[in-house]
Amino acid sequence: MQDILQTLDLGWNLYTDRGKAFKTSKDNAKRFHDWVVDEKRAELFAVLGFRPAKANDEIAGIKGEVRPLEVHSIRPARRIGPDGQTLSDIVIEMTQTFRPADDPTHRFRGGCTLLIDLQTYEPRYLIRKRLDGSTGVAKQNAFRMAIADTDSLRANFYGGRYADWEPFALLHGRH
């Protein structure tokens, strides 16, 4: 992974022009995306928790489409270590979406965030939520079904029968 990380432009900071920082982040994301989806890195791709994009796939008994990987952000993060020294990391945020065939407007999302030590290029943390893992499509679908027809506040986000009556929805024109 060191080979790709060394090619990224991570020289921006709080004083860098916001437009330049945004463009740099997007350029880094594209470069990393192209690197990680390369067939030579299929094992790493799977370890990160992603599946190959397929128009017809099945996860947890639900048929649908697995969308391509998206790399949303690559940015430096600086923090103060336990001894008062400044430590620098690279934060990489990636997601992947599953669209059920029977409800193509709904989305299940999985993804991961990588924290990589900028000095050694070794991963420090991998936080992931796999589409096919224990918190993936099956659990998200069970949650969605459990609240789909309830009067709870959460139902507002899932189209419950009283979604348009909630004051926040009224305030923002959903009435």
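Listed values, structure above:
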item	result
Residues of the range 32-58 satisfying the condition of being buried (at least 16 other Cβ atoms within 10 Å of the Cβ) and either within 18 Å of the chain's Cα centre (by Cα) or within 25 Å of residue 1 (Cβ to Cβ) (or both)	32, 33, 35, 36, 37, 45, 48, 49, 50, 51
Where residue 49 falls short, out of the listed (1) touching a residue at least 40 places away in the same chain (Cβ under 8 Å); (2) farther than 16 Å from residue 132 by Cβ	(2)
Test result for residue 140, modelled with pLDDT under 85, crowded, with 16+ Cβ neighbours inside 10 Å and not aromatic (Phe, Trp, Tyr)	yes
Residue ID - nearest to residue 75 (Cα to Cα), chosen from residues in the range 27-45 that are among the aliphatic types (A, V, I, L, M) and in a helix (DSSP H, G or I)	29
Some residue of the range 14-26 being out of contact with any Lys or Arg (no Cβ under 7 Å at 6 or more places or on another chain), within 18 Å of residue 114 (Cβ to Cβ) and not hydroxyl-bearing (Ser, Thr, Tyr)	yes
Hits in the range 82-96 - residues which are in a strand (DSSP E or B) and farther than 12 Å from residue 127 by Cα	86, 87, 88, 89, 90, 96
Residues of the range 8-26 satisfying the condition of being among the hydrophobic types (A, V, I, L, M, F, W, C) and farther than 15 Å from residue 73 by Cα	14
Residues that are part of a helix (DSSP H, G or I) and either surrounded by 10 or more Cβ atoms within 10 Å (Cβ to Cβ) or hydrophobic (A, V, I, L, M, F, W, C) (or both), drawn from the range 3-21	4, 5, 20, 21
Filter result (exposed (fewer than 15 other Cβ atoms within 10 Å of the Cβ) and not in a strand (DSSP E or B)) within the range 59-79	61, 68
Condition check for residue 99: modelled with pLDDT under 90 and assigned to a strand (DSSP E or B)	no
Residues satisfying the stated conditions in the range 14-29, i.e. touching an Asp or Glu at 6+ places or on another chain (Cβ under 9 Å) and without any contact (Cβ under 8 Å) to a residue 24 or more places away in the chain	24, 27
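The values are calculated or read from the model by the stated rules, or taken from the named source; none is laboratory data. Note that this is a predicted model, so its numbers are computed, not measured. All Cβ positions, even for glycine, are placed from backbone atoms using ideal geometry, and neighbour counts span all protein chains on display.
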